[in-house]
Amino acid sequence: MDSKRKLGVGATLGLLLIIGGAVLYSFLTSPEIKLARAMESLTKENQVEVTSTYNMSLDMDIDSEELGLYGEEETYFHIMQDILKNMSGTSGLIWDSENKIIEVSSSFGIEGEVYGEDVSLLVPFALYFDEGENNMAVDLDPYAAFGSDLINTVSHQILPNIPELQEELQELTQGEEVGEFFSRELNERFLPVLEEGFSGKQYRDSLDLEESIFAEDADDRYLGSFIVEKMLDYMREHGEDELVTEEDNWIHVKTDEKILIDSLLYALEEVKEDEEAREAFEKSSEQPIEESMEDVEDAREEFEEVDLFVDAAFLISGNKIQESLMDITVSFEEEGQTLQMSGEVHSEYEYGTEVSYVFYGKDREDITEEQLNDIGYQIDWEMEEFMMEYDPYMYEYEDADMDFEFYEENLEEEPPAIQSSEEEIEADLAVFFDTLYAYSEYDSLFYLGNIIDSVEHQITISTHIESYRNQADPVMYDLMGIELNTAEVNFIREYYIDGMFEHSLAIDMLDFYTDYIEEGTHEQYMVDDFYEGVDAGLYYLFTAQQQLLDIAKETDVLEEEDLQELEEEIDAYFSGETF
């Protein structure tokens, strides 16, 4: 499959080379000459602005079971299949070689029928590359409004129409109309987070390019011209139809996957035999020409199951491309699974005028990758709170009937005696607790308990596994990096890390079996292994908390009465009672 993707990209690049290479062929027929001059004019412009409209369709006749998707994942896959059948939108490209700026913007439209309901959604996107300032940026401002559109679309047009979810949704909404309930609740929770995080913001990063996007290299130009010339030679001799034709002032370039691959292989063979071309290739490529030819040979074999057809048309006036149309059809079949994509793109070109940037130059506040992650954690937390408040199957520990085996042997290393000063212990505990609750007001046992409860009810296990990994796993790694000055608190930190590590291993094993457990087709060992891992981790965590309790009893750093419930849980665990 990877080879097919590589070849698909190579075929597209080959098409562009063929079109652009027509500049070398003034001796060809009239359509080639017109297109060549127009392409040459395009490459010489300091500023080009291209606006496009497009329609695409992706039809996947793929069995979800073949992909290992069951239950909720299968439902979401079918929704995605419906949505991708009809996509449309607009896009803009500004190529400003004078100021070394590239801007790409689009409004990606998704329209389709999901479970009998028409769904329409516009996804915004804008970014720019500023080579002069060595940075790139993605516009985040539109996503505050898009978040509300997404919530309303999912709430009113998707959730109420999924048969498999209706019973659970009715229990959750307590009879209220599903769309109204989710639209209200989710907008109230998520919009403040999105508006604060994204409104007026952009994510900026450095480019750190090895070479200029706008650079012109003589060897690359020569090599490209040589390859295009040889590819066209092959096509003239072996192509069934003419490569370039003209009809009603539109110049058409038509090709398919076979002639692209065969002509590229022929051109590389010619590069290998030509001393000057081979030298240019060796300067431009990190691999020998022989390896490139082997890659094309391998890709050609893989490409036998892929059909590609491209019809590119250009309206030329005044020696410049004014409009273009591109029709692309790609189909693929393997082991009874088929995928077909078709698309049409209509573009209009403007040259030499003052370009109108959509995003570049706008007043935006920069945010870092760490801040983006924080927004993601906050969104996850809001979802956890929502589920905790409304989902009747979650967060009910009293129904769990699970006996853990407990460790009776002593620790290999006894907890250190409380000898450090209270000021030092208090300072270390502040660092420890700040790290422990950096992402959530709950510790890892809260999220572990949710997984245990979901296993007992055989529902939404994957959801809670993801929540644990998003909220608890980062804490474990952060605890590894903190510096503590007292042996008493460092003991707590080390045992917390060991306990959380055991739980992560247990959860990773459980993740292999979630589909079987939710379907009720699992073997008992799948659950037993998880419980054993949970118990192993609890031993370390409760030992660490026992040390915390000892600190409270022997110092004034912590209020002992505030830890009474913790002491009861510790005693219950080490006496063999249920968690």
**Item:** Odd one out for residue 125 among (1) assigned to a helix (DSSP H, G or I); (2) hydrophobic (A, V, I, L, M, F, W, C); (3) in contact with a Pro (Cβ under 9 Å, 6 or more places away or on another chain)
**Value:** (1)
**Only listed residue being closer than 27 Å to residue 370 by Cα and open to solvent by 50 Å² or more (accessible area, probe 1.4 Å), chosen from 188, 177** = 188
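So that you can scan it fast, the table gives a plain yes or no per residue for (1) open to solvent by less than 60 Å² (accessible area, probe 1.4 Å); (2) acidic (Asp, Glu); (3) part of a loop (DSSP other than H, G, I, E, B):
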site	(1), (2), (3)
262	yes, yes, no
267	yes, no, no
292	yes, no, no
297	no, yes, no
303	yes, no, no
313	yes, no, no
316	yes, no, no
328	yes, no, no
**Message:** Any residue that is open to solvent by 60 Å² or more (accessible area, probe 1.4 Å), assigned to a helix (DSSP H, G or I) and in contact with an Asp or Glu (Cβ under 8 Å, 6 or more places away or on another chain) - is there at least one of those in region 421-438?
**Reply:** yes
**Message:** Quick check on residue 183: is it of a type outside the set (Lys, Arg) and either modelled with pLDDT under 90 or under 30 Å from residue 360 (Cβ atoms) (or both)?
**Reply:** no
**Asked** Quick one: how many residues across region 125-157 are in contact with a strand residue (DSSP E or B) (Cβ under 8 Å, 6 or more places away or on another chain) and either open to solvent by 30 Å² or more (accessible area, probe 1.4 Å) or within 17 Å of residue 203 (Cβ to Cβ) (or both)?
**Response** 22
**Prompt:** Does at least one position in region 187-209 carry a residue that is in a loop (DSSP other than H, G, I, E, B) and without any contact (Cβ under 8 Å) to a residue 24 or more places away in the chain?
**Reply:** no
**Asked** Can you pull out the residues in region 468-481 that are open to solvent by 30 Å² or more (accessible area, probe 1.4 Å) and of a type in the set (A, V, I, L, M, F, W, C)?
**Response** 480
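The values are calculated or read from the model by the stated rules, or taken from the named source; none is laboratory data. None of these values were measured; they are calculated from a predicted model. Cβ atoms come from the backbone with ideal geometry, glycine included; neighbour counts cover every protein chain shown. The accessibility values were calculated without ligands, DNA or RNA, using every heavy atom of the protein model including side chains. Shrake-Rupley method; radii C 1.70, N 1.55, O 1.52, S 1.80 Å.
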